[in-house]
Amino acid sequence: MLGSGVSREVTRLQELAYELRVEQAMTRDLVTVSPQHTMTEFQQVLRIHRISGTPVVESAKMVGIISIEDLIKALTVHAMDSTVGEKMTPNPVTIYADEPLVHAVSEFHRYGFGRLPVINRKDELVGIVTEGDIARLMLRQLEVDYRKEEIRRYRASHFFQDIVADQVAIVFGYHVVAQDFEGAGEAASNLKQNLTRLGIHPQIVRRVAVATYEAEMNIVIYTSGGEIVAEVRPNQIAVEALDKGMGISNIEQAMQPGFSTAPRWVQDMGFGAGMGLPNIQACVDHMKLESKVGVGTHLHMTFHTQ
Amino acid sequence: MKLNKVLEHIEGKAITKNVDLDREVQMGCGADLMSDVLAFTHNGTLLLSGLTNPQVVRAAEMAGVEAIVFVRGKIPPPETIALAEERGIPLLASKYTLFETCGRLYQAGLPSCGLFELTLRRWHDAFGG
């Protein structure tokens, strides 16, 4: 969904703003000037480094900040010989290197600054952070997240190729509770999601999901509960549905489309129209139905994946 | 057909929150029998149904149904809406009957989801051809 997709991205950006520290975004290569420099010398520094402002430092401690605006003011009043110490903004707003980025963002917003000097807990200047630095770091981090997701997807879809063994099988087991219409379908739903994560083709996933769901509903409706076990191999998926229910007395009859022994309340739920087993038949590549009256039913379903 | 066009043709409303109305549906299927839903639909189907219990959403999820329209002015119970929101399946509502809601969409060009091989075989057995 587009709407939720956008909000998810925003949430991730917000998370990043809390996770990432100022020191990860800041520039460490610092150009600084001392309070004794003249404004003419400061102008040279800006020109050479192509920057628009610098912190003012005296014996490792930050004493002020000076920007191109201060320079323009000095130019208009012909005060280029005055010192940086006279024209700078003293006691500037700073931010600690170990603070989360969101603090820097809110400081930018509060003061309308484009940059903030970064100090450590000993009040020594260690870097400078700009809005651009923050945007770049967040974008880079989103890209890393995206690559990780791509790698995860690739790994999922190449899961079997990456495993070297004579036999590989992943087994998913689910308990199915009798008469539980609220939870009915959870086994099939979970299996569907797992198969999708394993990179199985959507058409095959759909067939497995539909057949498993029908088998699950049969266990919920007609039995006292049972199990669904799916075994995923490189070239086939086998799903077994087992129950200790009343059993089916005439399997051939049960396989006929439209044949049903469902009570009225089941039909009111949209089931019990005698299409379950024929539907399963239509989805599988192979099926075997074994049942003993009074003992239970065992349905084997096989799907080829290649 | 995009969901916003679907809503326009059936004069319907969205039930679930944050429905992406740009979502496309390829075909329609009107059914109150969940086994029919599982048998007849394909990935990308718009399901139209008068049944509102949570199993409709489950069946839709298994069958790859893209969105569900509840007909005859039926509003599903909260558990159905909750499951649909969790599974990301948009729920829409139409005040018209199943017949009329389907008819409006079919007339507007939304095709049917086609025939089911098994029932088709029985048709041929009964009537030939």
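The values are calculated or read from the model by the stated rules, or taken from the named source; none is laboratory data. Note that the structure is predicted; figures quoted are calculated from it, not measured. We place every Cβ from the backbone using ideal geometry, glycine too, and count neighbours over all the protein chains shown. We work out accessible area using only protein heavy atoms, side chains counted, and drop any ligands, DNA or RNA first. Shrake-Rupley method; radii C 1.70, N 1.55, O 1.52, S 1.80 Å.
Can you tell me which residues in the range B:49-64 are open to solvent by less than 10 Å² (accessible area, probe 1.4 Å) and either more than 10 Å from every other protein chain (Cβ to nearest Cβ) or not in a strand (DSSP E or B) (or both)? It would help to see each step written out before you state the result.
The initial filter retains those residues of the range B:49-64 that are open to solvent by less than 10 Å² (accessible area, probe 1.4 Å), namely B:49-50, B:55-57, B:59-60, B:62-63.
Once the filter is applied, which keeps residues that are open to solvent by less than 10 Å² (accessible area, probe 1.4 Å) and either more than 10 Å from every other protein chain (Cβ to nearest Cβ) or not in a strand (DSSP E or B) (or both), the range B:49-64 yields B:Gly50, B:Gln55, B:Val56, B:Val57, B:Ala59, B:Ala60, B:Met62, B:Ala63.
State the number of residues belonging to the range B:8-40 that are among the aliphatic types (A, V, I, L, M) and in contact with a Lys or Arg (Cβ under 7 Å, 6 or more places away or on another chain).
If we filter the range B:8-40 for residues that are among the aliphatic types (A, V, I, L, M), which is where we start, we get B:10, B:14-15, B:19, B:21, B:25, B:27, B:31, B:33-34, B:37-39.
Those left that are additionally in contact with a Lys or Arg (Cβ under 7 Å, 6 or more places away or on another chain): B:10, B:21.
The number of residues fulfilling the criteria is 2.
Please work out which one of (1) touching a residue at least 40 places away in the same chain (Cβ under 8 Å); (2) open to solvent by 30 Å² or more (accessible area, probe 1.4 Å); (3) more than 26 Å from B:Val65 (Cβ to Cβ) is the condition A:Asp243 fails and give its number.
Unmet for A:Asp243, out of (1) touching a residue at least 40 places away in the same chain (Cβ under 8 Å); (2) open to solvent by 30 Å² or more (accessible area, probe 1.4 Å); (3) more than 26 Å from B:Val65 (Cβ to Cβ): (2).
So is A:Gly258 within 27 Å of B:Arg121 (Cα to Cα), touching a residue at least 40 places away in the same chain (Cβ under 8 Å), within 14 Å of another protein chain (Cβ to nearest Cβ) and small (Gly, Ala, Ser) or not?
Working: within 27 Å of B:Arg121 (Cα to Cα): yes; touching a residue at least 40 places away in the same chain (Cβ under 8 Å): no; within 14 Å of another protein chain (Cβ to nearest Cβ): yes; small (Gly, Ala, Ser): yes.
Taking the combined requirement at face value, the residue does not satisfy it.
Does A:Glu186 fit the bill of being within 14 Å of chain B (Cβ to nearest Cβ) and not hydrophobic (A, V, I, L, M, F, W, C)?
On the way: within 14 Å of chain B (Cβ to nearest Cβ): yes; not hydrophobic (A, V, I, L, M, F, W, C): yes.
In short, yes.
Is it true that B:Leu92 is more than 10 Å from chain A (Cβ to nearest Cβ), aliphatic (A, V, I, L, M), crowded, with 20+ Cβ neighbours inside 10 Å and assigned to a strand (DSSP E or B)?
Details: more than 10 Å from chain A (Cβ to nearest Cβ): yes; aliphatic (A, V, I, L, M): yes; crowded, with 20+ Cβ neighbours inside 10 Å: yes; assigned to a strand (DSSP E or B): yes.
It is true that B:Leu92 is more than 10 Å from chain A (Cβ to nearest Cβ), aliphatic (A, V, I, L, M), crowded, with 20+ Cβ neighbours inside 10 Å and assigned to a strand (DSSP E or B).
Quick check: anything in the range A:212-230 open to solvent by 30 Å² or more (accessible area, probe 1.4 Å), aromatic (Phe, Trp, Tyr) and part of a helix (DSSP H, G or I)? Spell out the reasoning first.
Here is the first cut: in the range A:212-230, the ones open to solvent by 30 Å² or more (accessible area, probe 1.4 Å) are A:218, A:222, A:224, A:227, A:229.
Right, trim to aromatic (Phe, Trp, Tyr) and you get A:222.
With the extra rule that they be part of a helix (DSSP H, G or I), the set shrinks to A:222.
Yes, the range A:212-230 contains at least one residue that is open to solvent by 30 Å² or more (accessible area, probe 1.4 Å), aromatic (Phe, Trp, Tyr) and part of a helix (DSSP H, G or I).
Can you tell me which residues in the range B:15-48 are hydrophobic (A, V, I, L, M, F, W, C) and within 11 Å of another protein chain (Cβ to nearest Cβ)? Spell out how you get there, then give the answer.
Keep residues of the range B:15-48 that are hydrophobic (A, V, I, L, M, F, W, C), which gives B:15, B:19, B:21, B:25, B:27, B:29, B:31, B:33-34, B:37-40, B:46-48.
B:Val19, B:Leu21, B:Ala31, B:Leu33, B:Met34, B:Val37, B:Leu38, B:Ala39, B:Phe40, listed by residue number.
Of everything in the range B:68-83, what is in contact (Cβ under 8 Å) with a residue 60 or more places away in the chain and either acidic (Asp, Glu) or surrounded by 24 or more Cβ atoms within 10 Å (Cβ to Cβ) (or both)? Give them in sequence order.
Step one: of the range B:68-83, the residues in contact (Cβ under 8 Å) with a residue 60 or more places away in the chain are B:69, B:75-76, B:81.
Listed by number, the list holds a single entry, B:Val69.
If you go through the range B:1-21, how many residues are on the phi > 0 side of the Ramachandran plot and touching a helix residue (DSSP H, G or I) at 6+ places or on another chain (Cβ under 6 Å)?
So the answer is 1.
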